[in-house]
1. Report the Cα centroid-to-centroid distance between region 151-175 and region 42-102 in angstrom, as an integer.
2. Please report the carbon-and-sulfur percent of the accessible area for region 121-195; probe 1.4 Å, protein heavy atoms only, DNA, RNA and ligands left out.
3. Which order do the peptides 44-53, 171-180 come out in when sorted by mean C-beta neighbours inside 10 angstrom, highest first?
4. Given charges of +1 on the Cβ of Lys and Arg and -1 on the Cβ of Asp and Glu, with all other atoms neutral, how large is the dipole of the chain about its Cα centre, in debye to the nearest 20?
5. Based on DSSP H assignment, which helices of the chain show an axial Cα extent of at least 18 Å together with a mean Kyte-Doolittle hydropathy greater than or equal to 1.0?
6. Between Asn108 and Glu194, with labels modelled 7 Å along Cα→Cβ, what's the label distance in nm to one decimal, could you check?
7. Dipole size in debye (nearest 20) for region 125-188 around its Cα centre, Lys and Arg Cβ +1, Asp and Glu Cβ -1?
8. Taking the alpha-carbon set of region 1-51, what are its Rg and Dmax in Å?
Amino acid sequence: MLLAVLALQGAFRAHVQRFVELGVDVVEARVPRDLSGVDGLVVPGGESTTMSNLLASSGLFDEVKARLSDGLPVFGTCAGMILLATEVLDGRPDQRSFGALDATVRRNGYGRQLDSFETDLDVAGLEAPFHGVFIRAPRVESVGPAVEVLAGHHGDPVLVRQDRVMAAAFHPELTDDGRLHATFVELVRSTIEEH
């Protein structure tokens, strides 16, 4: 199994570290050829408009969009969730998203940097709570019928899954808890076994 973490901007190194700790091979993706042979992709947090622009200028946007359309498993966190959503509210007019997750997401939906917070989340499939770190986090306004909500915060979905797409409004990579990364590894493994 080989995973790629988009390494254009944001907290990509922390994601790489979580997968290394799980014994999974991982590459940092900066150009389209870095996606060659990968079985899954992580779109990390960062600034979603900047990431959208860097995806376009690096040539990665169209490559990632095509791979997602072909069923490549993906895990988006914070800005990654925004980039995966079908509809982005409060984004810039030129901001693009992959449209891989049937969700409407509002950028900075919980407020600015000062409004960042941490909280324990009850996550479907995990025995103990997961500590969520929310930094200028997106707020999920709505999800489609195919989207499974795995965790919520005050009624808002904050961890979701739709087929081979996982997305979190928070930063699981900023904790020492690798359980959500392990969940994604299992999703990728099951996808490989299907083929």
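The values are calculated or read from the model by the stated rules, or taken from the named source; none is laboratory data. Values in this document were obtained by computation on a predicted structure and should not be read as measured data. Cβ: placed from backbone, ideal geometry, glycine included. Neighbour counts: every protein chain shown. Heavy atoms of the whole protein, side chains included, go into the accessibility calculation; ligands, DNA and RNA do not. Shrake-Rupley method; radii C 1.70, N 1.55, O 1.52, S 1.80 Å.
1. Value for the Cα centre distance between the two parts: 16 Å.
2. Here carbon and sulfur together make up 49 percent of the probe-accessible area.
3. Most protected by this proxy first, the peptides run 44-53, 171-180.
4. 580 debye
5. Numbers: long enough: 179-194 (23 Å, 0.01).
Helices passing the filter in the chain: none found.
6. The two pseudo-label positions are separated by 3.7 nm.
7. The dipole of region 125-188 has a size of about 180 debye.
8. 10.5, 32
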